[in-house]
Amino acid sequence: MADASLAPVAIETGRLLMRVPQAEDRAPLHAMWADPAVMADLGPVKNAAESDMAIARHASYAPLGFRALVLREGGATIGFCGLKPGAPDTPIAGMLEIGWMLAMPFWGAGYAREAAAAAIAWGWANRTEDAIVAITAESNAKSRLLMERLGMAHDPASDFDHPLFAVDDPRRRTVTYRIARPAGL
């Protein structure tokens, strides 16, 4: 876990606190990564050790604006969202990528959109990149719809076969969405 005293400032929305992962986030994030429904479009489920490695990797993205998602009312950790480096060995390597993942009980309540919109706004205010990209499996209709609701547009020229998935895995075909920095920001 990251040292909270060295952590970037939290991002707050009406319902969410987006902060560097803390020790208390470990169990809910482990449960999320172990849930086959959550991971259906994202990759294999993770055991505790693999989840700990993912938490550490995500905590390292905090300076880019990547955070654990915590409900302001009640304090439940429901997932993560924010900006990170584009996936290595892909056409988005080196770009600023937004990603999100929520535990299944919190799907459909608008939390992902609220967090992603806040992360994008944070990016425009704190980063210099001209665009933010997002990727998902071509078949992940829910994430693609969210990308569109965020104002992102499909960039077919940047679609690719993700090297982390086997050639016969239906999640291998990956689509890329992009949003350009608004004029004046």
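What the table shows:
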quantity: Which listed residue is out of contact with any helix residue (DSSP H, G or I) (no Cβ under 9 Å at 6 or more places or on another chain), at pLDDT 95 or above and open to solvent by 20 Å² or more (accessible area, probe 1.4 Å), from Ala153, Ala131, Ala166, Ala125; calculated: Ala131
quantity: Residue within the range 87-103 that is open to solvent by 50 Å² or more (accessible area, probe 1.4 Å), in contact (Cβ under 8 Å) with a residue 12 or more places away in the chain and closer than 18 Å to Ala119 by Cα present; calculated: yes
quantity: Count of residues meeting criterion [open to solvent by 50 Å² or more (accessible area, probe 1.4 Å) and more than 18 Å from Ser60 (Cα to Cα)] in the range 10-27; calculated: 4
quantity: Evaluation of Thr90 against (1) closer than 23 Å to Ala137 by Cα; (2) in a helix (DSSP H, G or I) (one fails), failing number; calculated: (2)
quantity: Subset of the range 19-53 that is outside any helix (DSSP H, G or I) and of a type in the set (Lys, Arg) - its residue that is nearest to Trp100 (Cα to Cα); calculated: Arg19
quantity: Residue match in the range 54-63 (condition: in a loop (DSSP other than H, G, I, E, B) and within 16 Å of the chain's Cα centre (by Cα)); calculated: yes
quantity: Matching residues in the range 29-52 - criterion: being under 16 Å from the mean Cα position of the chain (by Cα) and either farther than 27 Å from Val167 by Cα or not β-branched (Val, Ile, Thr) (or both); calculated: Leu29, His30, Met32, Trp33, Met39, Ala40, Asp41, Leu42, Gly43, Ser51
quantity: Cβ pairs under 9 Å, 6+ apart, first in the range 124-146 and charged (D, E, K, R), second open to solvent by 80 Å² or more (accessible area, probe 1.4 Å) and modelled with pLDDT of 95 or more; calculated: Glu138/Arg173; Lys142/Trp107; Arg144/Glu138
quantity: Cβ-Cβ under 8 Å pairs, at least 6 apart or on other chains, the range 164-185 side touching a residue at least 60 places away in the same chain (Cβ under 8 Å) and more than 20 Å from Asp41 (Cα to Cα), far side open to solvent by less than 70 Å² (accessible area, probe 1.4 Å) and of a type outside the set (D, E, K, R); calculated: Leu185/Trp124
quantity: Some residue of the range 105-120 being surrounded by 18 or more Cβ atoms within 10 Å (Cβ to Cβ) and in a loop (DSSP other than H, G, I, E, B); calculated: no
quantity: Residue that is farthest from Ala40 (Cα to Cα), among those in the range 128-163 that are assigned to a loop (DSSP other than H, G, I, E, B) and under 17 Å from the mean Cα position of the chain (by Cα); calculated: Gly151
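The values are calculated or read from the model by the stated rules, or taken from the named source; none is laboratory data. Note that this is a predicted model, so its numbers are computed, not measured. Methodologically, a virtual Cβ is constructed for each residue, glycine included, from the backbone with ideal geometry; neighbour enumeration extends over all protein chains shown. The area values use the complete protein model at the heavy-atom level, side chains included, leaving out ligands, DNA and RNA. Shrake-Rupley method; radii C 1.70, N 1.55, O 1.52, S 1.80 Å.
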